[in-house]
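Note sheet for the following structure.
The values are calculated or read from the model by the stated rules, or taken from the named source; none is laboratory data. This one's a predicted model, so the numbers in the text were calculated from it and none came from an experiment. Using ideal geometry, Cβ is built from the backbone for each residue, glycine included, and neighbour counts are taken over all protein chains shown. Ligands, DNA and RNA are stripped out before the accessible areas are found, and what is left, the full protein with its side chains, is counted by its heavy atoms. Shrake-Rupley method; radii C 1.70, N 1.55, O 1.52, S 1.80 Å.
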Amino acid sequence: MTTDFICPCCSGNHYDRCCGPLHREEQIAATPEALMRSRYSAFALGGLGDYLFETWVDNAPGRPPQDAPMLNVRTVDWQHLEIVQTKNHGAQGMVEFKAWYLEDGQQHMLHERSRFRRSAGRWRYVDGVIDPPAMARAGRNDPCPCGSGKKYKKCCADQ
């Protein structure tokens, strides 16, 4: 398979300088956004189920078994990825994105806010909320809407 093509993650970079090194385990994702883009590319390319499984938090609710067909089989034609926003606080991260795909000749859009956690130096996917509500501005002492578990004033208030 040739790897000289623009990466499916819509970064504008060639696959071999973008998600390819992550998929081949030559590099690890430096940020939650980099991991999210690489996971999107893995779904878009298909056949990268081991990578998807290994980048999921162990024992996460909804984590499929390693041999789940949906991890290896390209079930839809992923068309485009848009990063809406990202937040990164220590070992917690969030990426909100929209991904367009074709299924049965019809175009659809997946809108998700994904949570990530860094453990032992590696970012991993925790879970996601599909069609998330808009992130409201919280009061200083309210829980932060990014899902970090911290108070807003100690988390996203300064951004």
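Results, tabulated for the structure shown:
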item	result
The chain: equivalent-ellipsoid semi-axes (sqrt of 5 x gyration tensor eigenvalues, Cα, Å)	27, 18, 15
Long-range HN-HN contacts of residue 27 with modeled amide H, under 5 Å	22
Cα-projected label distance for residue 4 with residue 91, points at 7 Å along beta-carbon direction, nm	4.4 nm
Estimated [θ] at 222 nm from DSSP helical runs (n ≥ 4, -39500 (n - 2.57)) normalised by residues in the chain, nearest 500	-4500 deg cm²/dmol
Cα-centred dipole magnitude for the chain, charges only on beta-carbon of K, R (+1) and D, E (-1), debye, nearest 20	1020 debye
Region 1-43 - convex hull of alpha carbons, volume per residue in Å³	65 Å³
Among the listed pairs 87/151; 98/151; 87/154, those beyond 23 Å (Cα-Cα)	98/151
Given charges at Cβ of Lys, Arg, Asp, Glu: region 54-128 dipole, positive-most of 71, 92, 60	92
Residues whose placed amide H lies under 5 Å from that of residue 80, excluding near-sequence neighbours	100
Rel. contact order, % - alpha carbon contacts under 8 angstrom, at least six apart, region 23-148	22 percent
Helix 32-45 vs. the chain, principal-axis angle (Cα, 0 to 90°, nearest 10)	30 degrees
Dipole of the chain [Lys/Arg +1, Asp/Glu -1 at C-beta], most positive-end residue of 10, 110, 133	133
Å² per residue, accessible surface of the chain at 1.4 Å	57 Å²
For residue 127, residues with placed amide H under 5 Å, excluding near neighbours	115
C-alpha center-to-center spacing [region 27-54, region 73-112] in angstrom	12 Å
Alpha carbon convex hull of region 1-78, volume per residue in cubic angstrom	100 Å³
